[in-house]
């Protein structure tokens, strides 16, 4: 599976998680009440949609809860939740490696959904990679916006050439 297909699959899986377990963008007063069993069911559902092994940050982001909720019900942490859900944890030191194109495509998705450049807080809340991943790889907010402009211009030129 190529990277674009994998990214599209991941987005579709995230949308399914949001439909099933609620959106991370839900307002505080509408926040879902979590329980131990609900977190276990959410972890099983996320593993089914995103594939196992499942990482804690993508899980929390896409079901719309926080680490404090996780630790309230599972004081031993993420691995305790995974063990009780019958899932395998990520091997130690395993992280997702994002290419610059994937980061810019994710930035573009958030940009399009807001209709403007996102703030760093919005980027951290609405994008799949963490805010620090964007900052470490692409530079500060101004550099990210510049690189996005160059990237989207190149993408538009490629799609125009393809349609000719």
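Among the residues of segment 81-106, how many are touching a helix residue (DSSP H, G or I) at 6+ places or on another chain (Cβ under 9 Å) and part of a helix (DSSP H, G or I)? Explain how you work it out, then say what you get.
Of all residues in segment 81-106, those touching a helix residue (DSSP H, G or I) at 6+ places or on another chain (Cβ under 9 Å) come to 81-82, 84-90, 96, 98-106.
Going one step further and asking which of them are part of a helix (DSSP H, G or I), we end up with 81-82, 84-85, 100-106.
Counting residues in segment 81-106 that are touching a helix residue (DSSP H, G or I) at 6+ places or on another chain (Cβ under 9 Å) and part of a helix (DSSP H, G or I) gives 11.
Looking only at segment 122-142, count how many residues are surrounded by fewer than 12 Cβ atoms within 10 Å (Cβ to Cβ) and modelled with pLDDT of 90 or more. Break it down stepwise before answering.
Kept after step one, since they are surrounded by fewer than 12 Cβ atoms within 10 Å (Cβ to Cβ), are these residues of segment 122-142: 132, 136, 140, 142.
Retained after the next criterion (residues that are modelled with pLDDT of 90 or more): 136, 140, 142.
Adding up the residues that qualify gives 3.
Inspect all residues belonging to segment 51-65 and state whether any of them is surrounded by fewer than 18 Cβ atoms within 10 Å (Cβ to Cβ) and in a helix (DSSP H, G or I). Outline the logic, then answer.
Step one: of segment 51-65, the residues surrounded by fewer than 18 Cβ atoms within 10 Å (Cβ to Cβ) are 51-53, 55-57.
The next check asks that each one be in a helix (DSSP H, G or I); those that pass are 56-57.
Scanning segment 51-65 turns up at least one residue that is surrounded by fewer than 18 Cβ atoms within 10 Å (Cβ to Cβ) and in a helix (DSSP H, G or I).
For segment 112-164, give me the residue count where each residue is farther than 21 Å from residue 57 by Cα and part of a helix (DSSP H, G or I). First the steps, then the outcome.
Of all residues in segment 112-164, those farther than 21 Å from residue 57 by Cα come to 112-117, 139-164.
Still in the list and also part of a helix (DSSP H, G or I): 112-114, 141-163.
Number satisfying all stated conditions: 26.
The values are calculated or read from the model by the stated rules, or taken from the named source; none is laboratory data. All values derive from a computational prediction rather than experimental measurement. Because the Cβ atoms are built from the backbone with ideal geometry, glycine has one as well, and the counts that use them run over all protein chains shown.
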